[in-house]
Amino acid sequence: MEKLNNNIDRSWIDKLKKPLIISGPCSAESEQQILETANRLNSSYVQIFRAGIWKPRTKPNNFEGIGKKGLEWLHKVKKNTEFMIATEVANEEHVKLAISFEIDVLWIGARSTASPFTIQKIADALEGENNKIILVKNPIHPDIELWIGALERLFNKGIRKLGVIHRGFYTYKNPKYRNQPNWNILLNFRKILPRIPIICDPSHICGNKEGIFDIAQKAYHFQYEGLMIETHCNPDHAWSDSQQQITPEKLLKMLKKLTYVKKCDQKNKIDLDSLRIIIDELDENIITILAERMNISKKLGSLKKSSDIAIIQPNRWKNIMEKSIFLGKSLGLSEEFLEGIFQLLHQESIKIQNKIR
Ligand code: PEP
Ligand code: MN
């Protein structure tokens, strides 16, 4: 790990203006859309223009990307503007094509990072391409080792210009986010690999336009080195991720409002505000889980009603209490606290079930 950390080549980002801003549409759709979006982005704020050419979609029969011809449009942007160009690659063919169109930055998507076979094939295809900047998005689930494993596979093939993108994780179903940010995991990641540039992708964390500013500001608070934010010349008509894309003008307004305090030497220092951000996020998760638990209580209530079973089952309750106290104590929680919490949970659950009766 130390070898990886010490040998990361930061020259590409150190020479760029901080914070680094990557922006552009979720997907390339037409030449006109690509050129117009790029023209409307302000190059004194944005350094890298992004667009997806091949789109990993959860289900088939959605727009899966425009393919190779989109690379020609991106190449035009590269020739006619100051932007560097970024796109997502997910297999050897994508890597070869992106290289042949002189794409500067290749990013690896969250679904690909989660698959060691896929990453290995991408890494093999990149062997010898030591000048490319490769950004690795976090895997969809919060597994730091898997994420670092992807970096190691690339490193083993000679790739040194590396960076990572925090795009959130699929964990709790907090309605505020498409993907849970989990700042705490990112702080742990940074402890392991302090030299690797971390970029935040508020668009894919939020899945909506409204939350982007707040997440971007938090990323700046944690001293991320940049942001990747999706912009589109006509967001409401975007072919993918239309809910989360904003116009280039709205991006500029937002960037002007964000405050970036550079305190590089203290990167690892956790201050009061950082801890509060993490506590707030954990509290939201607790509420999300409580809501899910009480929904199950409702189902339980209906089932007990239709089967004519008593709401209060003393043995079951005793068992829950014992198991929970055992687990909680092993994690360092006090018995008194656990008892209090579980008494409240039980009371609420009974109230809900009584209502159904
Ligand atoms: C994207 O950046 O458009 C994308 C598909 O991202 P992710 O891999 O984070 O879902
Ligand atoms: Mn997208």
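Observations
- In this structure, Trp147 does satisfy being among the aromatic types (Phe, Trp, Tyr) and in contact with a Pro (Cβ under 7 Å, 6 or more places away or on another chain).
- Looking across segment 235-251, the residues that are assigned to a loop (DSSP other than H, G, I, E, B) and open to solvent by 100 Å² or more (accessible area, probe 1.4 Å) come down to Trp239, Gln243.
- Residues within segment 221-247 that are more than 16 Å from ligand 2 (Cβ to nearest atom) and either over 27 Å from Ile185 (Cβ atoms) or of a type in the set (S, T, N, Q) (or both), tallied: 1
- Count of segment 70-87 residues which are surrounded by 13 or more Cβ atoms within 10 Å (Cβ to Cβ) and either outside the structural domain of Gln47 (by TED's automatic domain parsing) or within 19 Å of Asn131 (Cβ to Cβ) (or both): 9
- A single entry from Ile312, Ile289 fulfils the requirement of being farther than 28 Å from Tyr220 by Cβ, surrounded by fewer than 16 Cβ atoms within 10 Å (Cβ to Cβ), over 21 Å from the mean Cα position of the chain (by Cα) and outside the structural domain of Thr58 (by TED's automatic domain parsing): Ile312.
- Set side by side, the residues Trp73, Trp54, Trp12 differ, and just one is under 22 Å from Val136 (Cα atoms), away from ligand 2 (no atom under 16 Å from the Cβ) and among the aromatic types (Phe, Trp, Tyr), which is Trp12.
- The sole residue among Arg153, Arg160, Arg178 that is surrounded by 17 or more Cβ atoms within 10 Å (Cβ to Cβ) and within 18 Å of the chain's Cα centre (by Cα) is Arg178.
- Here Ile196 passes the criteria (1) hydrophobic (A, V, I, L, M, F, W, C); (2) open to solvent by less than 10 Å² (accessible area, probe 1.4 Å); (3) in a helix (DSSP H, G or I) except the one numbered (3).
- Complete set of residues in segment 199-220 that are away from ligand 2 (no atom under 16 Å from the Cβ) and surrounded by fewer than 20 Cβ atoms within 10 Å (Cβ to Cβ): Glu210, Phe213, Asp214, Gln217, Tyr220
The values are calculated or read from the model by the stated rules, or taken from the named source; none is laboratory data. Owing to the predicted nature of the structure, the values given are computational and were not obtained by experimental measurement. With ideal geometry, Cβ positions are generated from the backbone for all residues, glycine too; neighbour counts draw on all protein chains shown. Quick note on the areas: whole protein, heavy atoms, side chains included, nothing else; ligands and nucleic acids left out. Shrake-Rupley method; radii C 1.70, N 1.55, O 1.52, S 1.80 Å.
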